[in-house]
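Each remark here refers to the structure printed beneath this line.
No value in this document is a laboratory result; all are computed from the given coordinates. As the structure is a computational prediction, the values presented were derived from the model and not from experiment. Virtual Cβ from ideal backbone geometry, glycine too; neighbours counted across all protein chains shown.
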Amino acid sequence: MLCYQLSGMSHDPPKYRPLERFWPYAELTEQPTEAELASLDPDLYEALYGARQRPFSITLVFPDLDVPQFGQAVALARGSAEFRETGTGAEHRYRARFWPADAATLRDLFHIVGHADATEVLVDDRPVPYARELWLPLVWFLIPR
C-alpha cells in the first residue's frame, strides 16, 4: 500500500474535538421575530402562514424630501398605526400605515409629502390603480365634519 505524507501534517492526535455543527454560520433562532414577520411581503406572508386578519389600511411610503414641513411629516408618520424606516442614502424611505380611524392624520401627512412623485400610496400594502386620485379621497370621507 502506497501512502503519501503531506508536509506540515502531524501524526499526533488533535488537541480538541470540533463540534458537530456548522461553526462558521451565525446562530439563528428557529422562529422569525415579530419585526421580520411585519416586513414580509403580504403575498409571501399569505403563502407561508395563511391570510392575516387586519382592517383596511392605506400606507404612505415616501423618501427624504426638501420641504419646510418635513419634520412635521416624519412626526405624523411616527404617530401612525405602523411605522418603519428602510434603506440608506438615496434609498431611505419612511413607511407609515394608517387605519380608517386615522383618516385625518393620513390627509395631513399626504398634504405634505403627496406632491413628490417618489411618494407611493399603497392600499392594503399593494399598489393599486388610482390610489391617489380615488382611494385617498374616499378615505377622507371618513373624517367627521
Starting from residues that are in contact (Cβ under 8 Å) with a residue 24 or more places away in the chain and in contact with a Phe, Trp or Tyr (Cβ under 7 Å, 6 or more places away or on another chain), keep the ones in region 62-90 and report whichever is farthest from GLU34 (Cα to Cα).
-> PHE62
Matching residues in region 119-140 - criterion: being touching a helix residue (DSSP H, G or I) at 6+ places or on another chain (Cβ under 8 Å), assigned to a loop (DSSP other than H, G, I, E, B) and free of Cβ contacts under 8 Å to residues at least 60 places away in the same chain = THR119, VAL128
Among helices (runs of 4 or more DSSP H) completely within region 27-83, the ones holding 3 or more residues that are more than 14 Å from the chain's Cα centre (by Cα), among the hydrophobic types (A, V, I, L, M, F, W, C) and within 18 Å of THR119 (Cα to Cα) are 70-78
Determine whether ALA116 is surrounded by 12 or more Cβ atoms within 10 Å (Cβ to Cβ), in contact with a strand residue (DSSP E or B) (Cβ under 9 Å, 6 or more places away or on another chain) and assigned to a helix (DSSP H, G or I).
-> no
